[in-house]
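No lab work stands behind these numbers, since they all come straight from the coordinates. These figures come from a predicted structure and were not determined experimentally. Quick reminder, even Gly has a Cβ in these numbers, built from the backbone with ideal geometry, and neighbours come from all protein chains shown.
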Amino acid sequence: MPTVNLSLGTRSYSVHVENNSLDSVGYLTGRLRLNGKAAVISDSNVYPLYGERVIQSLEDAGFATSLHVFEAGEQSKNLATVEQIVNEMVAEGHDRSSFVVALGGGVVGDLAGFVASIYYRGIPFIQIPTTVMAQVDSSVGGKTAVDIAAGKNLIGAFHQPSLVVADPTTLLSLPPRVLREGMAEMVKHAAIRAPRMLRTLRHLASEIDLGFTLNTIDALPDTIAENIAIKARIVEEDEKETRGVRAFLNLGHTLGHGIEASVPYGELLHGEVVSLGLRGALWLSRKYCGLSAAAERDVLDTLKALELPLTLPANVTAERALKFTASDKKFSGGAIRFVLLRAPGEPVLSEDVTADDLAEAMQLLATKP
Ligand code: NAD
Ligand code: GLY
């Protein structure tokens, strides 16, 4: 099975990517030095699909389990859900020898990881990501968080998992829109580190509505592992995003976050705003770093093949989206640090981008490519 190892000293761990690896969770967990009880945290969509297999696998390997299911959706990623689960865990007798198992998409992973980071001042946790977004991005790297009224992901902790088990067959039950939006992060990875992957992604795009061919399903673990390896190498270099390298993963996210915050919740999915943000970032990259028109086209064609948006929805004006962009936390202290692409696979962190540039890029997104 493809395995990606993250080398982070005492916080090192492995990411296993294999079709049907849900049934190996107990065995893989058994190889870690964990002997307490497992608190399995999942959401109301994922638990009915995959929960029993994971619990069975853990119990077959000798682990006692408790189950904590919350209502699916970003609106549950908050402190109230954290408190509810922590109270349940105390009632179930979990102590500092326990560990958390996060089964679900990025919402479950971020919330369960945060619970693990604070329960008894921190217990280990295992990620079992079930969306594209979670498999290629959020389950790896140790960022955990919940949302508060003042903004998304404003309370959190760096807490690396002890193990990640990604089973690509779980992606087959995703609604096609959720499958497509997660692939925006794969396009981002391709743009910053592996431009030749764009072709593979265009091929995957052509098969999404067919539910993939057998060949594609067999090849999925390698493509997902390649994406994880890109993120893993970056996290190893800059675990806490203090050295300007992990920030490369924010390509397309600055404008994207502004657009995301400017629309009613759920109208645009995260990967959809990243698609829009990538278009804006590539346009700025042509202006400031000499990115070629062909390189820009290669990325935009891939986003288009995935049916991801490249134009703002009719009800979002560039002015409104810009207002939310300016309040994004990346602009704290007034400095705009913007990720640009000098060439395929070569991101740079720029302080040249001005507020006027951002306004122009946002205006561009109101037009067809
Ligand atoms: P999500 O967890 O809400 O999942 C999307 C939807 O799909 C949900 O309704 C979920 O119940 C359902 N679902 C999940 N797996 C399924 C499956 N296999 N079959 C059928 N339905 C399934 O959203 P997401 O896109 O996975 O993650 C978004 C979250 O991730 C956001 O909160 C974002 O802030 C966070 N995130 C975190 C990081 C990080 O580094 N920590 C990075 C990117 C995103
Ligand atoms: N998703 C961006 C990061 O993990 O840094």
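Under 18 Å of direct C-alpha separation, and excluding same-chain neighbours fewer than eight residues apart, Lys368 reaches these aspartates and glutamates: Glu272, Glu296, Asp298, Asp301, Glu307, Glu319, Glu360.
Taking a ≥ b ≥ c as the square roots of the Cα gyration tensor eigenvalues, the stretch 1-62 comes out prolate, since a/c reaches at least 1.5 and a/b is larger than b/c.
Overall dimensions of the stretch 231-352, expressed as equivalent-ellipsoid semi-axes from the Cα gyration tensor (√(5λ), whole Å, largest first), are 22, 19, 14.
Would the stretch 33-114 count as rounded, prolate or oblate if I go by the C-alpha gyration tensor, calling it rounded below 1.5 in a/c and otherwise prolate when a/b exceeds b/c, oblate otherwise? Each step should come with its number before you reach the end.
Working: a/c = 2.04, a/b = 1.28, b/c = 1.60.
Oblate shape, in that a/c is at least 1.5 and b/c is the bigger or equal ratio.
Using only Cα atoms, locate the centre of the stretch 192-266 and the centre of the stretch 156-171, then give the distance between them in Å, rounded to an integer. Result: 15 Å between the Cα centres.
In deg cm²/dmol, rounded to 500, what helix-only [θ] at 222 nm does the chain give when every DSSP H run of at least 4 residues adds -39500 (n - 2.57) and the total is split over its residues? Mind showing how you got there, number by number?
On the way: 12 runs with 157 residues, N = 369.
My calculation for the chain gives -13500 deg cm²/dmol from helical runs alone.
Relative contact order for the stretch 68-121: 40 percent, from Cα pairs under 8 Å spaced at least 6 residues apart, divided by residue count.
When the chain is treated as a Gaussian network with alpha carbon springs shorter than 10 Å, the biggest mean-square fluctuation among Asn19, Asn227, Asn315 belongs to Asn315. Using 0.36 nm per residue and subtracting the Cα-Cα separation, the extra length available between Gln56 and Leu154 on full extension is 31.8 nm. Here the alpha carbons of the stretch 79-168 define both size measures, Rg and Dmax, at 12.4, 35 Å. Springs between alpha-carbon atoms under 10 Å, Gaussian network over the chain: tell me which of Phe248, Phe324, Phe114 tops the mean-square fluctuations. Result for the chain, Cα springs under 10 Å: Phe324 fluctuates most.
Among Tyr265, Tyr13, the ranking by other beta carbons within 10 Å of each residue's beta carbon, starting with the fewest, stands as Tyr265, Tyr13. Size check on the stretch 91-131: the Cα extents along the three principal axes, sorted descending, read 30, 16, 16 Å. Can you give the log10 of the normalised intensity I(q)/I(0) at q = 0.16, 0.24, 0.28 Å⁻¹, computed with Debye over equal Cα scatterers of the stretch 188-254? Here log10 of I(q) over I(0) equals -0.63, -1.03, -1.21.
Relative to the current alpha-carbon distance between Leu79 and Arg243, full extension at 0.36 nm per residue lengthens the span by 56.1 nm. Only Cα pairs under 8 Å and 6+ residues apart enter the sum, and on that basis the relative contact order of the stretch 1-84 stands at 27 percent. Mean separation of Cα pairs under 8 Å and 6 or more residues apart, divided by the residue count, gives the stretch 61-208 a relative contact order of 19 percent. Among Ala80, Ala314, Ala293, the largest mean-square fluctuation in a Gaussian network model of the chain (Cα springs under 10 Å) belongs to Ala314.
The share of Cα pairs per 10 Å bin across the stretch 43-201, counted from zero up to the longest distance, runs 10, 39, 36, 13, 2, 0 percent.
Each principal axis of the Cα cloud of the chain was evaluated for its coordinate range; sorted largest first, these ranges are 58, 46, 39 Å. DSSP assigns beta bridges within the stretch 95-163; of those with both partners inside it, close to 45 percent run antiparallel.
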